[in-house]
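In what follows, a structure is listed as structure tokens, so that the remarks can point back to it.
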Amino acid sequence: MDKYKTVDDCPIAVKSLTPEAQAKWMEIANACIKGGDGEMFACSRAWEAIRDNWTKKEDGSWEKTIPASNYATYDLSDPTHEMKGVEIFAAGEWNGDKYSAADLDEMVKNFNAGAVKTVPFKVGHDKNQKVAGQPNIGILDRIYRKGEKLFADISNIPKLVADLINKKAYTAVSAEIAWGAQFGQNVYARLLTGVALLGAEIPAVNSLATLPAVYNFADIRAYELPLDKKTMGVDNGHKTGGDTMNLEQALSKISELEAKVAEMSASLTTEKTRAEKAEGDLQTIKADADNAQVENFVAKLIDDKKAVPAMKDQIKQSLLAADNSEKKEYSVGDKKVSETARETLMKVYSSMGKLAIFGQSGETGDLNKSAGDKAVDLAKAYASEHKVDFRSALDKVYEMHPELKSKAPVMGAPTQK
């Protein structure tokens with residue numbers, strides 16, 4: 001069952017539309033709700049369709065928009081307009097392609113050299129668009145770089161297009177850039193081939209400011225304000241004696257803005273959740289790799305007899321606690337060395353000699369015993385196993401392990417001959 005059967009069921013702002021637009025609004029909103037969308041999202045999609053096909057006039061009424069295919073019927077004898085300082089591109093990584101400030105300078109150089117005789121300013125540029133016969137709605141007079149962004153001055157904009165920009169039907173631009181373009185014997189690494197107006201599309205370069213005001217050649221007004229603080233419109237002064245926004249217009253504007261805010265908020269929340277999950281996954285992978293590196297290093301120390309199993313956790317914790325993110329430079333003799341604190345500690349552990357510890361148990365107590373104590377323990381074990389007296393067992397131990405006798409001979413042990 002349709003939620004919006006008549007105009008009386010719709011938001012109050014819908015009543016200001018023409019009968020044809022009202023029917024279209026209800027058709028789209030009902031279709032979205034039937035498809036499982038929420039009411040707020042359905043209203044937002046319905047308003048998008050209205051704005052694509054109707055234009056709201058200053059008195060609050062709506063009129064059918066002139067289709068793009070009917071540009072030729074529009075009176076182009078009206079004064080043309082211009083935009084100054086339009087942000088058309090920026091350094092960064094866009095759609096997987098990286099651009100530096102040097103790339104922007106390359107595009108400025110090629111533009112000034114006339115690699116493309118006329119860089120078109122046009123409406124949209126999706127891959128399925130038919131280019132033949134598409135009108136050029138402006139001329140790029142100049143492009144230049146400021147910091148990390150590319151700017152353009154655009155002239156010869158028809159009044160129809162200027163009006164649409166000032167009414168925010170178009171709010172952004174998108175640059176078309178050719179890589180390795182060849183004209184005659186010349187090959188251009190980066191070449192600006194077009195700038196497109198965007199309305200509902202989402203630009204790949206999302207760091208650009210919205211379009212500035214469009215000015216008539218006969219009425220250029222200068223404002224000492226940064227570009228991103230200019231308002232849309234020919235005149236950003238206050239009108240006097242004009243009509244103020246009535247209640248119906250205000251409610252319509254509120255409804256449109258609320259729908260936009262809700263849609264943008266939902267999108268931002270989704271992207272934020274994805275970013276947080278990706279960051280968490282990355283940190284987990286880094287921690288696992290870090291732990292594996294330390295585990296492998298400690299295992300090699302034990303295999304090389306430079307540490308016993310009982311030392312494993314202590315060595316591992318000392319390595320994990322050592323910073324491995326920042327390299328510091330120091331000198332060893334005449335040689336310059338750059339390494340992290342962990343790398344330095346690993347070198348210290350690797351330089352240790354083999355430990356003179358017997359047995360494979362790796363008990364911590366073995367590390368604290370003197371050579372004499374170890375000889376006594378081994379002699380007792382030998383005497384018990386071979387059923388001989390302690391002195392004979394001790395002699396046998398010294399025979400098997402002469403280093404014990406040289407390090408810490410047991411009192412009463414026979415002297416070496």
### Test: residue in segment 251-261 that is surrounded by fewer than 12 Cβ atoms within 10 Å (Cβ to Cβ) and either farther than 30 Å from Leu355 by Cβ or in contact with a Lys or Arg (Cβ under 6 Å, 6 or more places away or on another chain) (or both)
yes
### Query
Of the residues that sit in segment 384-401 and are among the hydrophobic types (A, V, I, L, M, F, W, C) and touching a Leu at 6+ places or on another chain (Cβ under 9 Å), which one is surrounded by the fewest Cβ atoms within 10 Å (Cβ to Cβ)?
Met400
### Message
Could you go through segment 269-283 and let me know if any residue there is in a helix (DSSP H, G or I) and either touching a residue at least 24 places away in the same chain (Cβ under 8 Å) or closer than 30 Å to Ser16 by Cβ (or both).
### Response
no
#### Entry: Residue among Ile88, Ile143 that alone is under 30 Å from Glu263 (Cβ atoms), buried (at least 19 other Cβ atoms within 10 Å of the Cβ), modelled with pLDDT of 85 or more and within 36 Å of the chain's Cα centre (by Cα)
Ile88
### Message
Whether any residue in segment 108-119 is among the basic types (Lys, Arg), farther than 28 Å from Asp163 by Cβ, assigned by TED's automatic domain parsing to the domain that holds Leu191 and modelled with pLDDT under 85 is what I want to check.
### Response
yes
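Here is a yes/no grid of residues against (1) modelled with pLDDT of 70 or more; (2) out of contact with any helix residue (DSSP H, G or I) (no Cβ under 8 Å at 6 or more places or on another chain); (3) not in a loop (DSSP other than H, G, I, E, B):
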| position | (1), (2), (3) |
| --- | --- |
| Lys354 | yes, yes, no |
| Asp366 | no, no, yes |
| Asp373 | yes, yes, yes |
| Val376 | yes, no, yes |
| Ala379 | yes, no, yes |
| Tyr382 | yes, no, yes |
| Ala393 | yes, no, yes |
| Val397 | yes, no, yes |
| Val410 | no, no, no |
### Message
With the structure loaded, tell me whether Thr80 is of a type in the set (S, T, N, Q), under 25 Å from Leu160 (Cβ atoms), modelled with pLDDT under 85 and in contact with a strand residue (DSSP E or B) (Cβ under 6 Å, 6 or more places away or on another chain) or whether it fails that test.
### Response
yes
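The values are calculated or read from the model by the stated rules, or taken from the named source; none is laboratory data. Source: prediction; values computed, not measured. Positions of Cβ are backbone-derived with ideal geometry, glycine not excepted, and every protein chain shown enters the neighbour counts.
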